[in-house]
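We did not get these values from a lab; they are worked out from the coordinates using the rules stated. Quick caveat, the model's predicted, so the values are computed rather than measured. When we count neighbours, we look across all protein chains shown, and the Cβ atoms used for this are built from the backbone with ideal geometry, even at glycine.
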Amino acid sequence: MYFRPYKGLIFLSAIASVFVAATSGATAYIVKPTLDEIFINKNKTGLMLMPVVIVLIYFLRGVFGFIQTFFLKYIGQKVIQEIRNDLYMKIIRLPLRFFNENSTGILMSRITNDVNMMQNSIPAFVNIIRDSFTLIGLAGVVIYQDMQLALYSFIVLPFIAVLIVKIGKKAKKYTKKGQERMGGLNSNLQETFTGIRVVKSFIAENKETAKFKEHNKNFVKYEIKKAFVSAFSSPFLEFIGALGLAVIVYYGGMKVINGTSTPGTFFSFMAALIMMYEPFKKINKANQNIQSGLGAAERVFEIIDAQNEILSADGYLECNAKDKDIVFDNVFFKYSDDDEYVLKNINLKIQPGQTVALVGASGAGKSTFVNLIPRFYDVSKGAVRIGGTDIRNFKVYSLRRNIAVVSQDPFLFNDTVINNIAYGLNEASKESVVNAAKAAFAHDFIENLPNGYDTVIGERGVRLSGGQKQRLTIARAILMDPHILILDEATSALDTESEKIVQKALENLMQDRTSFVIAHRMSTIINADLIVVMNEGEIVSKGKHDELLIKSDVYRMLYNMQFKENGE
């Protein structure tokens, strides 16, 4: 599939390979006339022509070798580019379930190390094509010069072929295992560098170093095994070739001594035969690289061929959630078939524009509840409906354009402020970005940054405070202008002063929108239109603050845990 657009160039490269092989055969063949007709017969005219022939042969070899090598490498690079693009596009579109099961480091290893190994196998593929045609050309010369000796010399070829195949399989096996270990090593690096503050806080540098050394040792173990196979194969092939060559030298030499063959024929035969063993060695080495590339390719195509249960069940309707109610109709959910249900018998109707607060102990299912709305996960039973339509009937991306999420961990990219705020839109004017920032109470601190809205804020917004980062994510949501808003512990990581500012920004964001609020601070949700109390994946009560204090033991306990000590 990936090579189909380049059929013409592949054909041209194949033709060039034939000519390269022909020049190799010609190089071996001209030994016979050089010895028999020029040196033995002392032919000065032939001697004058021979240098011209040699230069012409190598000139043609160079021209056709360039055509073959360049076009095949060009094709290979373009194919690898497409594979890398497809792999990234597939990964980034896979559902959250996939990312829960695969670490970031392992996924990065697939895109970088595995694809790079596939890329490194391209020159080997080129060499195999070239050397295979060269072998055919030289075999033709060998057979033409002496059929009987050729048959003797070919006896060792099956042993060489079997050895090359077995070595290739070993190389593929060790490469695949080595790449798996490299994925673990990358995962360890990514985790350590991301959590470097924790590492330093707990003086765990030695612990992390020991973990890294273990991952590194496991990776190197398979690299050493692969190196052993590679190092062993070449001398072993040469030894087998030498056995065959020794037999041919003896029998071929006896034919010359007995007068049944000429020195020119014998040395032309020997030249072609010796030249044949060199391509075999190259094919063996190239095959190891190709098998390594195939091992990496299996890992790459495992992901490219992975099923996307969300997009494979994509809907067909455009979604417009404005002024539409949202209904959870007898919803059950579990993360996999072997797990227990984390949401059970969820029935809830939310009116347009309502603010719904979800409260409950940690692990009650609040985040899972809101993750069902944008189809980060699909329900296991029941349905979530917007305006009476099952959300699975909406196109996924159309549905998500109606929803904005502001989470506990404000994620920002290593880019400018303006690009971070406008991230959710293909085009946004500077004026609209500034208005969104003002509504999020972010404009003043942005203006005080070194380059204002054009300031690059570092990886994950490292140059900003927690409150500043959160206000940028709120500005991003305001600019997106969603009909449905999900606030997942949006102020839990902030100090009191920052929380007050962010809370004002959130109030601006929540105006005229259906909002779902998960908050660990009860003071932020007591004025919600509807408070839903969850416990162990079920809705145990719902209502307004005052009535829940009376009728819900769970809510009253949560409330008292936070406010009783303060006498509130």
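The modelled label-to-label distance for the pair residue 257/residue 193, using points 7 Å beyond Cα in the direction of Cβ, is 6.9 nm.
One decimal place: the segment residue 361-residue 330 gains 9.0 nm when fully extended, by the rule 0.36 nm per residue minus the C-alpha distance.
Spin-label model, residue 246/residue 161: points 7 Å from Cα along the beta carbon direction are separated by 2.5 nm. Compared with the alpha-carbon gap, the fully stretched path from residue 306 to residue 104 is longer by 71.0 nm at 0.36 nm per residue. Once backbone amide H atoms are built at 1.01 Å from N, residue 516 has 356, 485, 486, 487 as its partners under 5 Å, excluding neighbours fewer than 5 places away on the same chain. Subtracting the Cα-Cα distance of residue 18 and residue 419 from 0.36 nm times their residue separation leaves 139.0 nm of extension gain.
Between residue 538 and residue 316, take the C-beta separation as r, use R0 = 41 Å, and let me know the FRET efficiency to the nearest 0.05. Calculated value: 0.80.
Listing 487, 135, 56 from the residue with the fewest other Cβ atoms within 10 Å to the one with the most, what is the order?
Working: 487 27, 135 22, 56 12.
Ordered from fewest to most neighbouring Cβ atoms within 10 Å, 487, 135, 56 come out as 56, 135, 487.
Each residue in 460, 513 was given a count of other beta-carbon atoms within 10 angstrom of its own, and listing them fewest first yields 460, 513. Separation of the alpha carbons by more than 22 angstrom is noted, of 366/544; 90/213; 73/226; 430/469, for 90/213; 73/226. The calculated FRET efficiency for residue 2 paired with residue 553, based on their beta-carbon distance and R0 = 45 Å, is about 0.15.
What translational diffusion coefficient, in µm²/s and rounded to a whole number, does the Stokes-Einstein relation yield for region 313-352 at 37 °C and a viscosity of 0.692 mPa s, taking the hydrodynamic radius as the Kirkwood radius over Cα pairs?
263
Ordered by the count of other Cβ atoms within 10 Å of each Cβ, fewest first, 114, 338, 444 give 338, 444, 114.
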